[in-house]
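Scroll down for the structure; my scribbles are underneath it.
None of the figures in this text is laboratory data; all of them are computed from the coordinates on show. The model shown is predicted, which means the values in this text are computed figures rather than measured ones. Virtual Cβ from ideal backbone geometry, glycine too; neighbours counted across all protein chains shown.
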Amino acid sequence: MQMDERKWTILQAIIKTYLETGEPVGSRTISKFPDLNLSSATIRNEMSDLEEMGYILQPHTSAGRIPSDSGYRLYVDRMMEEKDREVTEMKELMIRRQDKMELLLKQVVKVLATNTNYATMISGPRYHRTKLKFIQLSPISETQILAVIVAEGNVVKNKMINMEHGLDQETVLRLNVLLNSSLNGLTIEEINLATISKLKEEAGIHSELVSRVLDTVAEAISQEEDMEIYTSGATNFFKYPELSDSEKARELISTFEEKHPLASLMADVGPNTDEHGIQVYIGQETPVSTMKDCSVVTASYDLGSGMYGRIGIVGPKRMDYDKVVGVLKNLTQQLDEIFKKDEL
């Protein structure tokens, strides 16, 4: 059995009606949609087919239908392929420049929760330190030299290295040239044993110093920062009957307060993303155990220079996917433009 245009139109009508009402949808309600010119009997037959295909469910005998997770998934996938709506609700927020990135992110997540009536979260930008940009060795005293390592994202790592003997300016210059010409632009995987052996050989009696500098380079490129996550709107869960059960609500709010369980949602982009970095989790797809009755939509923002973060919206499975995806696409674009323009 295939999803033809008529079945797809009926499925959309069921989902949109259920999003609005939260109540099972019957054939009589669907027959009133302007895009359909079908009898209730015909619609009932098509709904039976959709149920057999696994896209809708009948929670009670003689009741209407509600979307299944598979139905939501098909709806979201098609909607994301067909629509790229520009939503302007967040533009006024993005026009105002904040003095500090943290203040802006907190304001963004708060306004996002107010405008969507869902729970929201945003991670502070993290640094994707895959490549080395610059190395600077500077003598501090006869027995100490400062190694300054700069990785992508302008992440700086300073390391004070003790030496038995001092270095003259010519030797320091030669080592700086040697290190930068050999290592700049390389990833940690590309700094292999052959590269290290060649560097030590060319450094001669200063090979031990080079070895210690390389250890600092590895730390600067591979070290991960703790993820900072800002949240808002957790009390919005109480607005939806299916999530307002005292135990469910308590677990959801606790997850938002603790924040660390959210890291799996706010990490790297998942497999089911579009070009905007949007990831949609529906029901059991959600990696956070307390959110199995929810839908979660996340999107990535890119500040350039290796800095990136994610924004997420959590609500019931009947959330307004059109609005949520549109808001996130617009918001991430605005964040990209504001941060890159103002260099916050």
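What the table below lists for this structure:
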quantity: Lys131 long-range amide H proximity, modeled H, under 5 Å; calculated: Glu152
quantity: Built amide H within the under 5 Å cut-off of Ser68, gap 5+; calculated: Ile56, Leu57
quantity: Neighbour-count ranking [beta-carbon atoms within 10 angstrom, fewest first] of Ser264, Ser70; calculated: Ser264, Ser70
quantity: Sorted by Cβ density within 10 Å, fewest first, the residues Phe256, Phe134; calculated: Phe134, Phe256
quantity: Length gained when the stretch Arg78-Ala41 is fully extended (0.36 nm per residue, less Cα-Cα span); calculated: 10.6 nm
quantity: Antiparallel content of DSSP bridges confined to the range 132-222, in %, to 5; calculated: 100 percent
quantity: Cα Rg, Dmax, the range 132-222, angstrom units; calculated: 12.2, 34
quantity: The range 5-67: projected area of the alpha-carbon convex hull, averaged over directions, in nm²; calculated: 3.8 nm²
quantity: Given Lys259/Lys323; Lys133/Lys157; Lys292/Lys317; Lys133/Lys159, the pairs whose alpha carbons are separated by over 18 Å; calculated: Lys259/Lys323
quantity: Using a Förster distance of 56 Å, the FRET efficiency for Arg250-His165 (Cβ separation, nearest 0.05); calculated: 0.30
quantity: FRET E, pair Asn184, Asn117, Förster distance 51 Å, beta-carbon r, rounded to 0.05; calculated: 0.55
